[in-house]
Amino acid sequence: MRLARRVAIVTGAGRGIGRAIALAFATEGAAVALAARTGPALASAAEQIRQAGGRALALPTDVASEQSIEALVRETLAAFARVDILVTAAGGASFSPVADAKTEDWDAMLRVNLRGAMLACRAVLPAMMAQRSGTIINVGSIASKRALPGAAAYSASKAGVVAFSRALAEELRGAGVRVGVLVPGAVDTPLWDGIANPPDRRAMLRAEDVAQAAVLMAALPEGASLEELTLLPAGGIL
Ligand SMILES: NC(=O)c1ccc[n+]([C@@H]2O[C@H](COP(=O)([O-])OP(=O)(O)OC[C@H]3O[C@@H](n4cnc5c(N)ncnc54)[C@H](OP(=O)(O)O)[C@@H]3O)[C@@H](O)[C@H]2O)c1
(Lines give C-alpha, C1' and ligand atoms only; values in the text may rest on other atoms or scores of the structure.)
Protein backbone atom coordinates (compact mmCIF):
# COMPACT_ATOMS: atom_id res chain seq x y z
CA MET A 1 0.00 0.00 0.00
CA ARG A 2 2.25 2.79 -1.27
CA LEU A 3 -0.35 5.55 -0.79
CA ALA A 4 -1.90 4.54 2.54
CA ARG A 5 -3.48 7.47 4.45
CA ARG A 6 -3.08 9.81 1.45
CA VAL A 7 -5.95 11.79 -0.04
CA ALA A 8 -5.95 12.37 -3.80
CA ILE A 9 -8.01 14.51 -6.17
CA VAL A 10 -8.05 13.22 -9.75
CA THR A 11 -9.66 15.30 -12.49
CA GLY A 12 -10.80 13.54 -15.66
CA ALA A 13 -11.54 10.50 -13.49
CA GLY A 14 -14.68 9.41 -15.36
CA ARG A 15 -12.85 7.49 -18.08
CA GLY A 16 -9.48 6.88 -19.71
CA ILE A 17 -6.25 7.88 -17.99
CA GLY A 18 -7.84 9.72 -15.05
CA ARG A 19 -10.11 6.81 -14.20
CA ALA A 20 -7.20 4.36 -14.31
CA ILE A 21 -5.15 6.64 -12.05
CA ALA A 22 -8.02 6.97 -9.57
CA LEU A 23 -8.41 3.17 -9.42
CA ALA A 24 -4.66 2.60 -9.06
CA PHE A 25 -4.35 5.20 -6.29
CA ALA A 26 -7.24 3.57 -4.41
CA THR A 27 -5.60 0.14 -4.82
CA GLU A 28 -2.51 1.66 -3.19
CA GLY A 29 -4.60 2.81 -0.23
CA ALA A 30 -5.43 6.44 -1.06
CA ALA A 31 -8.86 7.98 -0.50
CA VAL A 32 -9.81 9.48 -3.87
CA ALA A 33 -12.04 12.38 -4.92
CA LEU A 34 -13.02 11.76 -8.55
CA ALA A 35 -13.84 14.78 -10.72
CA ALA A 36 -15.27 15.15 -14.24
CA ARG A 37 -18.48 16.59 -15.68
CA THR A 38 -20.45 13.37 -16.27
CA GLY A 39 -21.95 12.16 -12.98
CA PRO A 40 -22.81 8.54 -13.91
CA ALA A 41 -19.28 7.78 -15.17
CA LEU A 42 -17.82 9.15 -11.94
CA ALA A 43 -20.34 7.27 -9.83
CA SER A 44 -19.46 3.97 -11.49
CA ALA A 45 -15.71 4.53 -10.99
CA ALA A 46 -16.28 5.48 -7.33
CA GLU A 47 -18.49 2.42 -6.85
CA GLN A 48 -15.78 0.19 -8.32
CA ILE A 49 -13.34 1.57 -5.74
CA ARG A 50 -15.78 1.08 -2.86
CA GLN A 51 -16.59 -2.49 -3.98
CA ALA A 52 -12.88 -3.23 -3.70
CA GLY A 53 -12.83 -1.85 -0.15
CA GLY A 54 -11.46 1.62 -0.94
CA ARG A 55 -12.65 5.15 -0.14
CA ALA A 56 -13.96 7.30 -2.99
CA LEU A 57 -16.08 10.37 -3.54
CA ALA A 58 -17.66 11.25 -6.91
CA LEU A 59 -17.73 15.04 -7.31
CA PRO A 60 -19.13 16.26 -10.65
CA THR A 61 -16.88 19.15 -11.68
CA ASP A 62 -16.20 21.32 -14.72
CA VAL A 63 -12.51 22.29 -14.67
CA ALA A 64 -13.37 25.27 -16.89
CA SER A 65 -15.22 26.81 -13.95
CA GLU A 66 -13.41 28.41 -11.01
CA GLN A 67 -16.44 27.97 -8.76
CA SER A 68 -16.72 24.30 -9.66
CA ILE A 69 -13.06 23.62 -8.89
CA GLU A 70 -13.22 25.58 -5.61
CA ALA A 71 -16.21 23.42 -4.63
CA LEU A 72 -14.29 20.24 -5.57
CA VAL A 73 -11.46 21.10 -3.19
CA ARG A 74 -13.83 22.32 -0.47
CA GLU A 75 -15.87 19.10 -0.57
CA THR A 76 -12.76 16.92 -0.63
CA LEU A 77 -11.43 18.67 2.47
CA ALA A 78 -14.83 18.37 4.17
CA ALA A 79 -14.89 14.60 3.52
CA PHE A 80 -11.23 13.64 3.95
CA ALA A 81 -9.69 16.59 5.90
CA ARG A 82 -6.58 16.92 3.71
CA VAL A 83 -5.31 16.84 0.09
CA ASP A 84 -2.00 15.09 -0.51
CA ILE A 85 -2.09 14.49 -4.26
CA LEU A 86 -3.62 16.30 -7.22
CA VAL A 87 -3.66 14.77 -10.70
CA THR A 88 -4.97 16.98 -13.54
CA ALA A 89 -6.03 14.45 -16.17
CA ALA A 90 -9.13 16.31 -17.40
CA GLY A 91 -8.53 17.19 -21.02
CA GLY A 92 -9.61 16.93 -24.58
CA ALA A 93 -8.17 16.90 -28.08
CA SER A 94 -9.31 17.81 -31.56
CA PHE A 95 -7.00 17.86 -34.53
CA SER A 96 -6.91 19.90 -37.73
CA PRO A 97 -4.37 21.81 -39.82
CA VAL A 98 -4.00 25.41 -38.64
CA ALA A 99 -5.33 26.65 -41.98
CA ASP A 100 -8.67 25.01 -41.15
CA ALA A 101 -8.56 25.56 -37.38
CA LYS A 102 -11.73 26.65 -35.65
CA THR A 103 -11.16 29.37 -33.07
CA GLU A 104 -13.61 27.67 -30.70
CA ASP A 105 -11.56 24.43 -30.79
CA TRP A 106 -8.44 26.43 -29.88
CA ASP A 107 -10.28 28.13 -27.02
CA ALA A 108 -11.73 24.84 -25.74
CA MET A 109 -8.36 23.08 -25.57
CA LEU A 110 -6.61 26.00 -23.90
CA ARG A 111 -9.53 26.43 -21.49
CA VAL A 112 -9.64 22.81 -20.31
CA ASN A 113 -6.11 21.44 -20.84
CA LEU A 114 -4.13 24.47 -19.63
CA ARG A 115 -6.38 26.89 -17.75
CA GLY A 116 -8.21 23.97 -16.07
CA ALA A 117 -4.89 22.56 -14.81
CA MET A 118 -3.89 25.97 -13.45
CA LEU A 119 -7.23 26.45 -11.66
CA ALA A 120 -6.98 23.02 -10.02
CA CYS A 121 -3.37 23.55 -8.92
CA ARG A 122 -4.17 26.99 -7.49
CA ALA A 123 -7.17 25.62 -5.61
CA VAL A 124 -5.21 22.90 -3.76
CA LEU A 125 -2.26 25.11 -2.84
CA PRO A 126 -3.65 26.59 0.40
CA ALA A 127 -4.23 23.10 1.85
CA MET A 128 -0.94 21.65 0.60
CA MET A 129 1.09 24.65 1.76
CA ALA A 130 -0.55 24.55 5.19
CA GLN A 131 0.30 20.82 5.43
CA ARG A 132 3.79 21.58 4.10
CA SER A 133 3.45 18.53 1.87
CA GLY A 134 1.79 17.58 -1.39
CA THR A 135 2.34 16.14 -4.84
CA ILE A 136 0.90 17.70 -7.99
CA ILE A 137 0.98 15.66 -11.19
CA ASN A 138 -0.11 17.49 -14.33
CA VAL A 139 -0.77 15.33 -17.37
CA GLY A 140 1.06 16.61 -20.43
CA SER A 141 1.54 14.85 -23.77
CA ILE A 142 4.32 13.82 -26.10
CA ALA A 143 2.61 16.20 -28.55
CA SER A 144 4.33 19.02 -26.64
CA LYS A 145 7.76 17.55 -27.42
CA ARG A 146 7.46 16.35 -31.04
CA ALA A 147 6.06 18.28 -33.99
CA LEU A 148 2.80 16.60 -34.99
CA PRO A 149 1.04 18.13 -38.03
CA GLY A 150 -2.61 18.81 -37.25
CA ALA A 151 -1.99 19.01 -33.50
CA ALA A 152 -0.86 22.65 -33.15
CA ALA A 153 -3.53 23.78 -30.68
CA TYR A 154 -3.39 20.59 -28.62
CA SER A 155 0.43 20.68 -28.59
CA ALA A 156 0.43 24.35 -27.54
CA SER A 157 -1.93 23.59 -24.66
CA LYS A 158 0.30 20.73 -23.47
CA ALA A 159 3.54 22.72 -23.91
CA GLY A 160 1.83 25.30 -21.72
CA VAL A 161 1.22 22.64 -19.09
CA VAL A 162 4.94 21.76 -19.06
CA ALA A 163 6.08 25.40 -18.78
CA PHE A 164 3.44 26.17 -16.16
CA SER A 165 4.46 23.13 -14.10
CA ARG A 166 8.16 24.04 -14.20
CA ALA A 167 7.46 27.54 -12.91
CA LEU A 168 5.11 26.24 -10.23
CA ALA A 169 7.69 23.66 -9.10
CA GLU A 170 10.21 26.49 -8.57
CA GLU A 171 7.66 28.57 -6.64
CA LEU A 172 6.95 25.67 -4.30
CA ARG A 173 10.49 24.54 -3.62
CA GLY A 174 10.94 24.85 0.11
CA ALA A 175 7.18 24.71 0.72
CA GLY A 176 7.14 20.91 0.79
CA VAL A 177 4.99 20.67 -2.34
CA ARG A 178 6.42 18.95 -5.40
CA VAL A 179 5.15 19.39 -8.94
CA GLY A 180 5.69 16.99 -11.84
CA VAL A 181 4.46 16.47 -15.38
CA LEU A 182 3.56 13.05 -16.68
CA VAL A 183 4.13 13.02 -20.45
CA PRO A 184 2.52 10.03 -22.16
CA GLY A 185 2.74 8.99 -25.77
CA ALA A 186 -0.45 7.63 -27.35
CA VAL A 187 -2.77 5.85 -24.93
CA ASP A 188 -5.76 3.73 -25.98
CA THR A 189 -8.64 5.64 -24.35
CA PRO A 190 -12.04 6.98 -25.44
CA LEU A 191 -10.23 10.21 -26.44
CA TRP A 192 -9.46 8.52 -29.78
CA ASP A 193 -13.11 7.52 -30.42
CA GLY A 194 -13.94 10.87 -31.98
CA ILE A 195 -10.78 11.21 -34.05
CA ALA A 196 -10.77 10.22 -37.72
CA ASN A 197 -8.06 7.77 -38.85
CA PRO A 198 -6.36 7.27 -35.49
CA PRO A 199 -3.04 5.40 -35.28
CA ASP A 200 -3.19 1.67 -34.48
CA ARG A 201 -4.83 1.64 -31.04
CA ARG A 202 -3.48 -1.84 -30.26
CA ALA A 203 0.06 -0.42 -30.37
CA MET A 204 -0.73 2.34 -27.86
CA LEU A 205 -0.09 2.37 -24.11
CA ARG A 206 -2.93 1.23 -21.85
CA ALA A 207 -4.38 3.69 -19.37
CA GLU A 208 -3.27 1.30 -16.61
CA ASP A 209 0.36 1.73 -17.75
CA VAL A 210 0.08 5.49 -17.30
CA ALA A 211 -1.53 4.93 -13.90
CA GLN A 212 1.50 2.94 -12.76
CA ALA A 213 3.72 5.89 -13.71
CA ALA A 214 1.46 8.23 -11.70
CA VAL A 215 1.70 5.92 -8.67
CA LEU A 216 5.49 5.99 -9.00
CA MET A 217 5.53 9.81 -9.01
CA ALA A 218 3.12 10.08 -6.06
CA ALA A 219 4.72 7.39 -3.91
CA LEU A 220 8.33 8.59 -4.02
CA PRO A 221 9.88 9.50 -0.66
CA GLU A 222 9.14 13.12 0.32
CA GLY A 223 12.70 14.26 -0.30
CA ALA A 224 12.59 13.24 -3.97
CA SER A 225 10.64 14.83 -6.81
CA LEU A 226 10.08 13.26 -10.22
CA GLU A 227 9.47 16.45 -12.19
CA GLU A 228 9.01 15.01 -15.65
CA LEU A 229 8.27 11.46 -16.65
CA THR A 230 7.90 10.53 -20.33
CA LEU A 231 6.14 7.22 -20.89
CA LEU A 232 6.01 5.91 -24.46
CA PRO A 233 4.62 2.81 -26.12
CA ALA A 234 7.60 0.52 -26.60
CA GLY A 235 6.95 0.48 -30.36
CA GLY A 236 7.05 4.28 -30.79
CA ILE A 237 5.21 7.42 -29.78
CA LEU A 238 2.00 6.95 -31.81
N1 LIG B 1 -5.14 9.28 -24.91
C2 LIG B 1 -3.93 9.68 -25.30
O3 LIG B 1 -3.36 9.20 -26.29
C4 LIG B 1 -3.23 10.75 -24.49
C5 LIG B 1 -1.83 10.88 -24.66
C6 LIG B 1 -1.16 11.85 -23.96
C7 LIG B 1 -1.87 12.68 -23.08
N8 LIG B 1 -3.21 12.54 -22.93
C9 LIG B 1 -3.90 13.43 -22.02
O10 LIG B 1 -4.38 12.70 -20.91
C11 LIG B 1 -5.53 13.34 -20.38
C12 LIG B 1 -6.66 12.32 -20.30
O13 LIG B 1 -6.93 11.87 -21.61
P14 LIG B 1 -7.74 10.53 -21.93
O15 LIG B 1 -7.10 9.93 -23.09
O16 LIG B 1 -7.94 9.78 -20.68
O17 LIG B 1 -9.13 11.19 -22.43
P18 LIG B 1 -10.64 10.71 -22.23
O19 LIG B 1 -10.70 9.23 -22.21
O20 LIG B 1 -11.42 11.44 -23.25
O21 LIG B 1 -11.02 11.25 -20.76
C22 LIG B 1 -11.00 12.62 -20.51
C23 LIG B 1 -11.58 12.86 -19.12
O24 LIG B 1 -11.54 14.28 -18.89
C25 LIG B 1 -12.83 14.70 -18.49
N26 LIG B 1 -13.07 16.09 -18.87
C27 LIG B 1 -13.05 16.63 -20.12
N28 LIG B 1 -13.37 17.91 -20.07
C29 LIG B 1 -13.58 18.21 -18.76
C30 LIG B 1 -13.97 19.38 -18.06
N31 LIG B 1 -14.21 20.55 -18.68
N32 LIG B 1 -14.09 19.32 -16.71
C33 LIG B 1 -13.88 18.16 -16.05
N34 LIG B 1 -13.51 17.03 -16.65
C35 LIG B 1 -13.38 17.05 -18.00
C36 LIG B 1 -13.78 13.70 -19.17
O37 LIG B 1 -15.03 13.61 -18.51
P38 LIG B 1 -16.32 14.48 -18.90
O39 LIG B 1 -16.38 14.59 -20.40
O40 LIG B 1 -17.43 13.71 -18.28
O41 LIG B 1 -16.12 15.80 -18.23
C42 LIG B 1 -13.01 12.41 -18.98
O43 LIG B 1 -13.23 11.88 -17.70
C44 LIG B 1 -5.84 14.51 -21.31
O45 LIG B 1 -5.28 15.68 -20.77
C46 LIG B 1 -5.10 14.13 -22.59
O47 LIG B 1 -4.75 15.27 -23.32
C48 LIG B 1 -3.90 11.57 -23.62
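The values are calculated or read from the model by the stated rules, or taken from the named source; none is laboratory data. What you see is a predicted model, and the numbers here were worked out from it, not measured in a lab. Positions of Cβ are backbone-derived with ideal geometry, glycine not excepted, and every protein chain shown enters the neighbour counts. Areas reflect the complete protein model, heavy atoms only, side chains present, ligands, DNA and RNA absent. Shrake-Rupley method; radii C 1.70, N 1.55, O 1.52, S 1.80 Å.
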- Message: Per residue, how large is the accessible surface of the chain? Use a 1.4 angstrom probe and give square angstrom.
- Response: 46
- Message: Taking amide H atoms as placed 1.01 Å from N in the peptide plane, list the residues 5 or more away in sequence, or in a different chain, whose amide H sits under 5 Å from that of residue 58.
- Response: 34
- Item | Simple Cβ-charge dipole of the range 1-51, Lys/Arg +1 and Asp/Glu -1, about Cα centre, in debye nearest 20 | 80
- On the first, second and third principal axes, largest extent first, how far apart are the outermost C-alpha atoms of the chain in Å? 49, 39, 35
- Note on the structure: Checked against the positive end of the charge dipole of the range 7-231 (+1 on Cβ of Lys and Arg, -1 on Cβ of Asp and Glu, about the Cα centre), the farthest of 112, 81, 212 is 81
- Order these peptides, 1-14, 191-204, by their mean beta-carbon neighbour count within 10 angstrom, highest first. 1-14, 191-204
- Item | Helix 16-27 axis, angle to the chain major axis (alpha carbon atoms, nearest 10°) | 20
- Note on the structure: Heavy-atom accessible area of residue 228, protein chains in place, probe 1.4 angstrom, given in Å² to nearest 10, is 70
- Note on the structure: Here the range 191-238 gives, from Cα atoms, an Rg and Dmax in Å of 14.0, 44
- Do you know the relative contact order of the range 120-238, to the nearest whole percent, from alpha carbon pairs under 8 angstrom that are 6+ apart? 29
- Using θ = phi - 60° and the Karplus curve 6.51 cos²θ - 1.76 cosθ + 1.60, what whole-Hz ³J(HN,Hα) does each residue of the range 5-15 get, with Gly and Pro shown as x? 6, 8, 10, 10, 10, 10, 8, x, 7, x, 7
- Message: With a 10 Å cut-off between alpha carbons and a GNM built on the chain, which of 218, 156, 31 moves the most?
- Response: 156
- Message: Counting only helical runs of four or more DSSP H residues, what would the 222 nm mean residue ellipticity of the chain come to if each run contributes -39,500 (n - 2.57) and the total is spread over all its residues?
- Response: -13000 deg cm²/dmol
- Computed magnitude of the charge dipole of the chain (debye, nearest 20; Cβ of K, R +1, Cβ of D, E -1): 420
- Message: Can you compute log10 of I(q)/I(0) for the range 1-106 with the Debye formula, treating each Cα as one identical point scatterer, at q = 0.17, 0.20, 0.22 Å⁻¹?
- Response: -0.71, -0.92, -1.08
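Carbon and sulfur: what percent of the chain's accessible surface (1.4 Å probe)?
Ligands and nucleic acids excluded, carbon and sulfur give 54 percent.
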